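Reading through the structure tokens given below for one structure.
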Amino acid sequence: MTLATAALLAACAAPAPAPAPGAAAPAPAAPAEPVFQCNAEGARFAVGQQVTPQLEAAARARAGAGTARVLKPNQAVTMELNPGRLNISVDARGRVKDVHCG
């Protein structure tokens, strides 16, 4: 009886089969997202100009920012600090008053 039990336990403890040749390897890790660090000096050229989507894009690119937002007078804005974002403050007529990061 003990011999039969030992044989059954040995059969259950058999090693797992090796993966078949050509089996899929684990997928590589996704590439890291780029890290942006805004520098508002690059966007100072926009001060005094009428804001347009093209100007916003150019200011964002020249500041090295990942995102940009236009801030209008008395507009409610979130206060979280985002070092990769360019803020473009405009007056009531849509002219850029200031640019800053955050």
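The values are calculated or read from the model by the stated rules, or taken from the named source; none is laboratory data. Small disclaimer: the values here were computed from a predicted structure and weren't measured. Quick reminder, even Gly has a Cβ in these numbers, built from the backbone with ideal geometry, and neighbours come from all protein chains shown.
Tell me, please, whether a residue that is hydroxyl-bearing (S, T, Y) and either crowded, with 18+ Cβ neighbours inside 10 Å or touching a strand residue (DSSP E or B) at 6+ places or on another chain (Cβ under 9 Å) (or both) can be found in segment 86-94. Yes, there is a match, as at least one residue in segment 86-94 is hydroxyl-bearing (S, T, Y) and either crowded, with 18+ Cβ neighbours inside 10 Å or touching a strand residue (DSSP E or B) at 6+ places or on another chain (Cβ under 9 Å) (or both).
Every test in (1) touching a residue at least 60 places away in the same chain (Cβ under 8 Å); (2) part of a loop (DSSP other than H, G, I, E, B) is passed by M79 save one, and that test is (1). Take the conditions (1) of a type in the set (G, A, S); (2) modelled with pLDDT under 95; (3) in contact with a helix residue (DSSP H, G or I) (Cβ under 6 Å, 6 or more places away or on another chain); A43 misses just one of them, which is (2). The condition of being over 30 Å from N87 (Cβ atoms), at pLDDT below 95, surrounded by 10 or more Cβ atoms within 10 Å (Cβ to Cβ) and more than 22 Å from the chain's Cα centre (by Cα) holds for only one of A11, A18, A6, A24, that being A6.
Restricting to segment 53-74, and then to whatever is closer than 28 Å to E33 by Cβ and either of a type in the set (K, R) or assigned to a loop (DSSP other than H, G, I, E, B) (or both), can you tell me which residue is farthest from the chain's Cα centre (by Cα)?
Taking segment 53-74 and keeping what is closer than 28 Å to E33 by Cβ, we get 53-71.
Among the residues that remain, those that are also either of a type in the set (K, R) or assigned to a loop (DSSP other than H, G, I, E, B) (or both) are: 60, 62, 64-66, 69.
Values: R60: 15, R62: 19, G64: 14, A65: 12, G66: 8, R69: 16 Å.
The qualifying residue farthest from the chain's Cα centre (by Cα) is R62.
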